[in-house]
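These notes are about the structure you will find just below.
Each value in this text was obtained by applying a stated rule to the coordinates, not by laboratory testing. No experiment lies behind these values; they were computed from the predicted model shown. A quick note on method: Cβ atoms are made from the backbone with ideal geometry, for glycine too, and the neighbour counts reach across all protein chains shown.
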Amino acid sequence: MNDKPVAVITGASRGIGRSIAIALAAEGYDIAAIARSVDSAGMENLGPEVEKKGGQFFPIGLDISCTACHKEVVMNILERYGRIDVLINNAGVSPLQRDDILIMTEESYDRVMNINLKGPVFFAQKIAKEMIWLKPQLNNYNPVIVFITSVSSMRSSTNRAEYCISKAGLSMASTVFADRLSKDGILVFEVRPGIIQTDMTAKIKDKYDKLISEGLVPQKRWGFPDDIGKAVASISRGDWNFSTGMVFEISGGLNISKL
Ligand code: NAP
């Protein structure tokens, strides 16, 4: 049994997930980092960063939409560490092509829903059951599940409906898991990023540079992966232990409704 707590982070090879992995290593966690492949430059670079912060690094290849693959991955993590303290459901994708909702294809809808919603829901279900089983066996065991959704869970973009719908669903999944798991001592939180500079937004950087300079984001800047890493570190540290089900919108003020 690992002495240190263990964090499982999906979509850890780049962007927001990478920052979360480094932030949690600095908080004293060993890191099980998931991405589709363990051989990417992103995964190879992440290992030394996690180790520099004092965490062990366990890279795992998993397409999160392969629900039939989840069991083996969870068993591998438990065989290696004997525990999972924190699950960060972060892996997610945009549609390959932005199309109006009236021409959105079923293929694109299914792809986005399987990766952004069905995969994370069943991965969380599997790990939550292990957390319930582990709870009476471990001292000082305070399991936490975090869902990384998006401001798009509450705001419409007519040219990427499948993304908005998947994130709205994931937001409710976070609420239902928080409700169900509260009696088992497992806390569940939703972190809702705004416009964050990562590979996901690289293709539309010029558009958002302009919109941000014109005041779309009240704090007038891009968000950075570290903004999300810091929020997740605070949750994992136990700063919000009487707040299960809470939504953290980290968006530079996009949440402010203005007249
Ligand atoms: P990113 O830079 O494109 O990184 C996505 C991560 O997910 C990568 O590590 C990728 O790894 C992994 N991934 C993609 N498909 C996967 C799959 N099928 N199975 C397992 N892993 C998969 O994206 P990001 O901007 O950091 O976004 C992270 C999360 O934040 C997503 O859920 C996204 O929707 C959300 N978010 C982002 C923004 C933003 O503005 N960037 C705003 C709101 C919410 P591999 O390619 O190596 O597999």
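Aspartates and glutamates within cross-link reach of Lys129: Cα-Cα under 18 Å, excluding same-chain residues under 8 positions apart? Filter leaves Glu72, Glu79, Asp85, Asp179, Asp184. Computed from phi, the 3J(HN,Hα) profile of the range 156-167 under the Karplus parametrisation 6.51, -1.76, 1.60 (θ = phi - 60°) reads 7, 10, 5, 9, 8, 4, 4, 5, 4, 5, 5, 6 Hz, with x in place of Gly and Pro. Model label points for Asp99 and Asp63, set 7 angstrom from Cα along the Cα-to-Cβ axis, are 2.0 nm apart. In the range 6-250, taking the dipole from charged Cβ atoms about the Cα centre, the farthest positive-side position among Ala7, Phe177, Cys66 is held by Phe177. For the chain, the dipole from Cβ point charges (+1 on Lys and Arg, -1 on Asp and Glu) about the Cα centre works out to 420 debye, to the nearest 20.
Site pair Trp240 and Asn159 shows an inter-label distance of 3.2 nm when each label is modelled 7 Å from Cα along Cα→Cβ. In terms of surrounding Cβ atoms within a 10 Å radius of their Cβ, Cys69, Cys164 rank from fewest to most as Cys69, Cys164. For Phe248, nonlocal amide neighbours, meaning residues 5 or more places apart or on other chains whose placed amide H falls under 5 Å from its own, are Glu190, Val191, Arg192.
For Phe248, Phe224, the sequence from fewest to most other C-beta atoms within 10 Å is Phe224, Phe248.
First check a/c for the range 24-92, with a ≥ b ≥ c the square roots of the eigenvalues of its C-alpha gyration tensor; if it is under 1.5, answer rounded, and if not, answer prolate when a/b is larger than b/c or oblate otherwise. Note, shape of the range 24-92 comes out oblate. For the chain, the cysteines with no partner cysteine C-beta closer than 4.7 Å are Cys164. Expressed per residue, the C-alpha convex hull volume of the chain stands at 130 Å³.
For the pair Asn45 and Glu214, label points projected 7 Å from Cα toward Cβ lie 3.2 nm apart.
Say the cut-off is 25 Å between C-alpha atoms; which of Lys205/Lys230; Lys52/Lys126; Lys4/Lys53 go over it? Pairs exceeding the cut-off: Lys52/Lys126. For the chain, a Gaussian network of Cα nodes joined below 10 Å ranks Ala21, Ala91, Ala41 by mean-square fluctuation, and the top entry is Ala41.
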